[in-house]
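Comments concern the structure below.
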Amino acid sequence: MKIGVLLKQVPASDSRIKIADPQRGVALDDVKWEINPYDEFALEAALALLDAKVASDVVLLTVGGADTEQRIRDGLARGATAAVRLDDAAFGGSDCLGVSRILAAAVKAEGITLVFAGKQAIDGDNAQVPAMVAELLGWGYVGEVDQLEVTGAGAKAWRAAGGGARDVVEVGLPAVIGCDKGLNQPRYASLKGIMMAKRKKIDVKGAGAIGVDAGSVGASAALVSETNWGEPPARPPGRVLQGDDAARVKALVAALRDEVKVI
Amino acid sequence: MPAKYEGLDFYNIDAHLTDEERMVRDLVRQWVDDKVLPIIEKHNRAHTFPDELIPEIGEMGLLGMNMEGYGCAGMSNVAYGLACQELERGDSAIRSFVSVQGSLAMHPIHSFGSEEQKQKYLPKMARAELIGCFGLTEPDYGSNPGGMVTKAVEDGDHYVLNGAKMWITNGTIADLAIVWAKLIPQGGTLADGVIRGFIVEKGDPGFSAPEMHGKHSLKASVTSELVFEDCRIPKDRILPHVHGLRGPFSCLNNARYGISWGVLGAAQACFHSARDYALTRIQFDKPIASYQLVQNKLAWMLREITKGQLLALHLGRMKDDGTMFHEQVSLAKMNNVDIALDIARIARDMHGANGILDEYPVMRHMANLETVKTYEGTHDIHNLILGRWITGIQAFF
């Protein structure tokens, strides 16, 4: 079985994000990049199946420029067997649907039968791409998966259903699985893996190579456009209650009841 | 919450590293953040080495990582240096464990051992399934190892070892020891002996390795004595391809090289903590980082760490292309340990009373670096090595 892992690079989770221009978005020049943390669970799920010999290949799929190759190399160093970087002038400015069309076409072109993705990326937090990829391929999708069993023909997935309840879903293959925290403990790369990753080739493919219509992706095809960027409103300053303990407790209870209305 | 650690890179040294070297550095940095820093103070207090980390160190491939073949990763010496730097940011004990296993125990087998010895020991040592230690120093012979009194004599198809070694990192937990002893010819005296390397295994008759206690430094490391009382080992345990002090000195040069990088990790941990503390500690209504005396200290740390990084990187490149000579290693080991220890002391001072608490890493590093200043050739001995290189006159004795 050939498994695809959708890998996205995102600003490191402790980055301080600044607005570059309200029309253009955030400043990314000084940002440190990392693999989207949810994608690390996806990669680990795939590598575990490779270790168990359920999978024969684990292919990383990334939409992006050459600057994403460091993250792809990291994935290869952990044990992925191949990588495709999807890069084409026509891809620029794609919205989630455009990105999903690119990825779905690549999944098809690579002959992949099971796709693991993070349930969402921590930059845009859209949580749309994995489901859209499944829909475009006509495959089943299970999202927010935190426990999984894969057999040759299908998968059984568990996820939180709210209130402590568990939702158990069975899905036939091919399928797309959106991975959540708790699914596994992502492994560290090894030095041998790093040396081997050097010898693995990252294939760069454009629209023609994966058979996606260039007119269906990119800025011109985007259904969603971002119109404005801004900082969250500044937090109002806190209030320090005055008086002795008894007076302050009284004032605090009154504020929680009458102003904040939480008790 | 303290700010997340970022390595100092004032002169954009990153641009001079290969992708693999950066990946190794980032891998070990992340591992130290995740696995070492949360537990190291506990082990330091308890005088215990974190044994639970040993399999992970093996799985990552850090042991003997700059050696070729026999299950070793075959990476550059610069990559090895960067790994040492990150490990010692955690604690000198962790870096010492890796240094001893790789540079002092695996290296002599790799360089001076028989093919059978290499096949038998190295792959398991690379995976941390066998732990090694290195016995050169004796109670009465530290800076003068040539005076050693541990001796080996032939007895049929065995060697019989007698003597004692001291200050042996990993000794008690080791499965094998590389022991340097004088091989005495039949009917000869100690003065006739030639220094040879022997592989002594745990469980060999007459061999014991009691742990030393009472250390104020390198508390999270196991330090031991090695005792040989008519210890009999088979003859195929001698390292066949080296005679004399060249053997142990070759090991020490490799370990000193790793130290010259490692201590920069400890220095950066102290710098990071001092900067963070100075920016958040308010005295006279302002962060203490606003005061010129404090800024002067931080600027000095930045200056010395940056110089030390350039020294270590260039030394590593020379080691990789085979042009490095051992006096250059002495200079880097001596200089970088010296500045790291001073940085740790000044960082301790900048933390005020808080600096003596193990809530901050500075006093742990400061105490560790006192050991690092002494082991693998003391500061003064390295000066004498350089003095001999400059003048051509040895001044050791």
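Averaged over peptide A:68-76, how many Cβ atoms belonging to another chain are found within 10 Å of each residue's Cβ?
Neighbouring Cβ atoms belonging to other protein chains average 1 per residue here.
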Worksheet item: What shape does the protein assembly as shown have by the C-alpha gyration tensor, where a ≥ b ≥ c are the square roots of the eigenvalues, rounded means a/c under 1.5, and otherwise prolate means a/b greater than b/c and oblate the rest?
Response: prolate
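Rounded, prolate or oblate: which one fits the stretch A:118-169, using the alpha carbon gyration tensor with axes a ≥ b ≥ c (rounded when a/c is under 1.5, else prolate when a/b beats b/c, else oblate)?
In terms of gyration-tensor shape, oblate.
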Item to complete: Mind sorting A:R16, A:R257, A:R85 by how few other Cβ atoms lie within 10 Å of their own Cβ, fewest first?
Response: A:R16, A:R257, A:R85
Worksheet item: Got a sec to turn the phi values of the stretch A:251-263 into Karplus ³J(HN,Hα) couplings, 6.51 cos²θ - 1.76 cosθ + 1.60 with θ = phi - 60°, whole Hz, x for Gly and Pro?
Response: 5, 5, 4, 5, 5, 5, 7, 8, 8, 7, 6, 10, 10
Practice prompt. Report the trypsin sites (Lys or Arg not before Pro) located in the stretch B:1-97 that are in a DSSP loop and have at most 12 other Cβ atoms inside 10 Å of their Cβ, or state none.
Written response: B:K4
Worksheet, complete the sentence: Once phi for every residue in the stretch B:176-191 is put through the Karplus expression 6.51 cos²θ - 1.76 cosθ + 1.60 (θ = phi - 60°), the whole-Hz ³J(HN,Hα) values, with Gly and Pro written as x, are 8, 10, 8, 10, 9, 9, 7, 7, 8, x, 3, x, x, 10, 3, 5
Worksheet, complete the sentence: Note on the stretch A:2-221: alpha-carbon gyration tensor, axes a ≥ b ≥ c; rule is a/c under 1.5 for rounded, else prolate if a/b larger than b/c, else oblate; result rounded
Worksheet, complete the sentence: Taking the alpha-carbon centre of each part, the distance from the stretch B:183-259 to the stretch B:365-395 in Å is 22
Item to complete: Net charge near B:R25: determine it from the other residues with C-beta under 10 Å of the C-beta of B:R25, scoring Lys and Arg +1 and Asp and Glu -1.
Response: -3
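Test of understanding: what is the full-extension gain from B:D230 to B:T48, defined as 0.36 nm times their sequence separation minus their Cα-Cα distance?
Details: separation 182, 0.36 × 182 = 65.52 nm, distance 3.05 nm.
Taking B:D230 through B:T48 to full extension adds about 62.5 nm, to one decimal.
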Worksheet entry | Backbone HN-Hα couplings from phi across the stretch B:290-300 [Karplus 6.51/-1.76/1.60, Hz, Gly and Pro as x] | 7, 9, 4, 4, 6, 4, 4, 5, 5, 5, 5
Item to complete: Treating the angle as unsigned and between 0 and 90°, give the value, to the nearest 10°, between the Cα long axis of helix B:115-126 and the longest Cα principal axis of chain B.
Response: 30
Discussion item. Taking R0 as 56 Å, what FRET efficiency do you get between A:Q23 and B:F249 from their Cβ-Cβ distance, rounded to the nearest 0.05?
Written reply: 0.30
Response to the item:
Most packed first (mean Cβ within 10 Å per residue), the peptides A:237-250, B:230-243 order as B:230-243, A:237-250
Discussion item. Sorting check: for B:305-311, A:190-196, which peptide has the highest mean count of neighbouring beta carbons within 10 Å, and how do the rest follow?
Written reply: A:190-196, B:305-311
Worksheet item: Say we join alpha carbon atoms closer than 10 Å with springs in a Gaussian network model of chain B; which of B:F325, B:F249, B:F97 then has the biggest fluctuation?
Response: B:F325
Response to the item:
Ranked by GNM mean-square fluctuation in chain B (Cα springs under 10 Å), the top entry among B:G214, B:G58, B:G265 is B:G214
Discussion item. Need one value for B:22-34: mean number of C-beta atoms belonging to other chains within 10 Å of its residues' C-beta atoms.
Written reply: 3
Fill in: Neighbourhood charge, 11 Å Cβ-Cβ cut-off, centred on A:A255 and excluding it, Lys, Arg +1 and Asp, Glu -1
+3
Worksheet item: All other residues with a Cβ under 14 Å from the Cβ of A:Y38 taken together, and with Lys, Arg as +1 and Asp, Glu as -1, what is their net charge?
Response: -4
Fill in: Alpha carbon centroid spacing (whole Å) that separates the stretch B:18-71 from the stretch A:158-188
31
Fill in: Of the GluC sites (Glu not before Pro) in the stretch B:41-84, those whose Cβ has at most 15 other Cβ within 10 Å and which sit in DSSP loop
B:E68
Fill in: Partner chain coverage, peptide A:182-193 - average Cβ within 10 angstrom
5
Response to the item:
Under a Gaussian network model of chain A whose springs join Cα atoms within less than 10 Å, the largest fluctuation of A:G178, A:G25, A:G154 belongs to A:G25
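A short reminder: the numbers here are calculations on the coordinates, not readings from a lab. Worth saying up front: this structure is predicted, and the values here are computed from it rather than measured. FYI the Cβ positions are ideal-geometry reconstructions off the backbone, even for glycines, and counts take in every protein chain you see.
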